[in-house]
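Here's the structure, in structure tokens; my notes come after.
The values are calculated or read from the model by the stated rules, or taken from the named source; none is laboratory data. Just so it is clear, the model here is predicted, and its values are computed rather than measured. With ideal geometry, Cβ positions are generated from the backbone for all residues, glycine too; neighbour counts draw on all protein chains shown.
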Amino acid sequence: MRTKKVIDYIVNWLNDYCENAGMNGFAVGVSGGIDSAVTSTLCARTGKPVMAVNMPIHQPEDQKTLAGQHIDWLEKGFENLTGVTVDLTPVFNSLENTLPQEIRTGLPMANSRSRLRMITLYAFAGHHKLLVAGTGNRVEDFGVGFFTKYGDGGVDLSPIADLMKSEVYALGRQLGISRAILSAPPTDGLWHDNRSDEDQIGASYDELEWAMRLEEAGGDESSLLPRQKEVLSIYRSYNRANRHKMEPIPVAKIPDALRI
């Protein structure tokens with residue numbers, strides 16, 4: 001991949017979209033991971049106003065540190081970027097304590113973290129007339145659906161959603177993203193135990209990327225190794241279960257005969 005040209009293409013695409021939408025710039029949630037680091041840097045390169053928002057919720061110190069260091073790096077390199085930290089832990093605790101006991105654990109509360117961050121980003125975006133830039137890559141957004149519906153999936157535009165995870169890393173190296181972020185295990189940061197994405201999914205992004213390419217190419221499965229068959233099964237399971245996230249919201253179309 002010609003990373004320099006891809007970077008220029010995305011930056012120009014962001015600029016054009018923002019101007020056509022009549023908006024001022026971009027709001028990006030910064031987590032300390034590679035996807036948000038690349039997305040926030042691409043937005044900053046447009047020269048338009050950017051708000052990079054760190055929104056910890058019971059976050060481990062290493063994640064908060066990586067996010068803070070990246071925002072500091074951006075602020076030093078781009079006068080158009082403003083970093084903001086909003087600790088949402090008290091808000092999350094209040095929500096958790098308000099909900100019925102039976103849904104205070106597991107996936108509902110993990111997804112609630114992501115949705116609180118979406119609300120916060122749109123509060124900043126609405127006030128400053130900004131577009132919320134999504135940080136999902138192609139494997140997450142169109143392969144396994146590894147995102148929260150109306151959480152990190154609630155965005156105005158998706159600058160890196162056509163890039164495989166490996167391609168996001170390539171852009172990150174070209175952009176000068178810190179080695180600490182490049183080497184950090186990918187995690188959604190939604191769980192108390194700091195589990196990685198691979199812990200949750202059961203396969204690495206390299207493996208998922210392989211499975212996605214195989215599916216899209218209609219490849220022959222007869223010669224697959226046992227682990228490859230397992231990964232393909234994992235990919236297909238997530239793709240099938242999360243299809244509702246990746247497709248447009250279904251609309252009940254009323255037949256004309258019923259309108260008479």
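Please tell me if residue 105 is at pLDDT below 95, closer than 30 Å to residue 232 by Cα and in a loop (DSSP other than H, G, I, E, B).
On the way: at pLDDT below 95: yes; closer than 30 Å to residue 232 by Cα: yes; in a loop (DSSP other than H, G, I, E, B): yes.
Considered against the rule, which asks whether it is at pLDDT below 95, closer than 30 Å to residue 232 by Cα and in a loop (DSSP other than H, G, I, E, B), residue 105 comes out as yes.
Contact list please: Cβ distance under 7 Å, first residue in region 62-82 and under 11 Å from residue 40 (Cβ atoms) and without any contact (Cβ under 8 Å) to a residue 60 or more places away in the chain, second residue surrounded by fewer than 17 Cβ atoms within 10 Å (Cβ to Cβ) and of a type in the set (D, E, K, R), pairs at least six apart or on different chains.
Listed by first residue and then by second, the contacts come to 81/75.
If I filter region 120-141 for residues that are part of a helix (DSSP H, G or I), under 18 Å from the mean Cα position of the chain (by Cα), modelled with pLDDT of 95 or more and polar (S, T, N, Q), do I get at least one hit?
There is at least one residue in region 120-141 that is part of a helix (DSSP H, G or I), under 18 Å from the mean Cα position of the chain (by Cα), modelled with pLDDT of 95 or more and polar (S, T, N, Q).
On the given criteria, is residue 182 surrounded by 14 or more Cβ atoms within 10 Å (Cβ to Cβ) and in a helix (DSSP H, G or I)?
On the way: surrounded by 14 or more Cβ atoms within 10 Å (Cβ to Cβ): no; in a helix (DSSP H, G or I): yes.
Answer is no for this residue.
With the requirement that a residue be under 14 Å from residue 132 (Cα atoms) and assigned to a loop (DSSP other than H, G, I, E, B), what does region 37-59 give you?
Within region 37-59, 48, 49 qualify.
Would you pick out the residues in region 100-117 that are out of contact with any helix residue (DSSP H, G or I) (no Cβ under 8 Å at 6 or more places or on another chain) and either surrounded by fewer than 17 Cβ atoms within 10 Å (Cβ to Cβ) or over 20 Å from residue 132 (Cβ atoms) (or both)? Give the steps one after another, and end with the answer.
Our first condition is that a residue be out of contact with any helix residue (DSSP H, G or I) (no Cβ under 8 Å at 6 or more places or on another chain); within region 100-117, this holds for 100-102, 105-108, 110-111, 114-115, 117.
Matches in region 100-117: 100, 101, 102, 105, 106, 107, 108, 110.
Which pairs do you get when a residue that is aromatic (Phe, Trp, Tyr) and outside any strand (DSSP E or B), found in region 17-36, comes within reach of a residue that is surrounded by fewer than 23 Cβ atoms within 10 Å (Cβ to Cβ) and at pLDDT 95 or above, reach meaning Cβ atoms under 8 angstrom, with the pair 6+ apart or on two chains?
If the second residue must be surrounded by fewer than 23 Cβ atoms within 10 Å (Cβ to Cβ) and at pLDDT 95 or above, the pairs left are 17/131; 17/157.
Based on this model, can you work out whether residue 88 counts as touching a helix residue (DSSP H, G or I) at 6+ places or on another chain (Cβ under 7 Å) and either surrounded by 15 or more Cβ atoms within 10 Å (Cβ to Cβ) or more than 25 Å from residue 171 (Cβ to Cβ) (or both)?
Working: touching a helix residue (DSSP H, G or I) at 6+ places or on another chain (Cβ under 7 Å): yes; either surrounded by 15 or more Cβ atoms within 10 Å (Cβ to Cβ) or more than 25 Å from residue 171 (Cβ to Cβ) (or both): yes.
Yes; evaluated as a whole, the condition is true for this residue.
So, in region 194-223, of the ones that are assigned to a loop (DSSP other than H, G, I, E, B) and at pLDDT 95 or above, which residue ends up nearest to the chain's Cα centre (by Cα)?
Let us first name the residues in region 194-223 that are assigned to a loop (DSSP other than H, G, I, E, B), namely 194-196, 202-204, 218-223.
Of the ones still in play, those that are also at pLDDT 95 or above are 202-204.
On the way: 202: 19, 203: 18, 204: 16 Å.
Going through the qualifying residues, I end up with 204.
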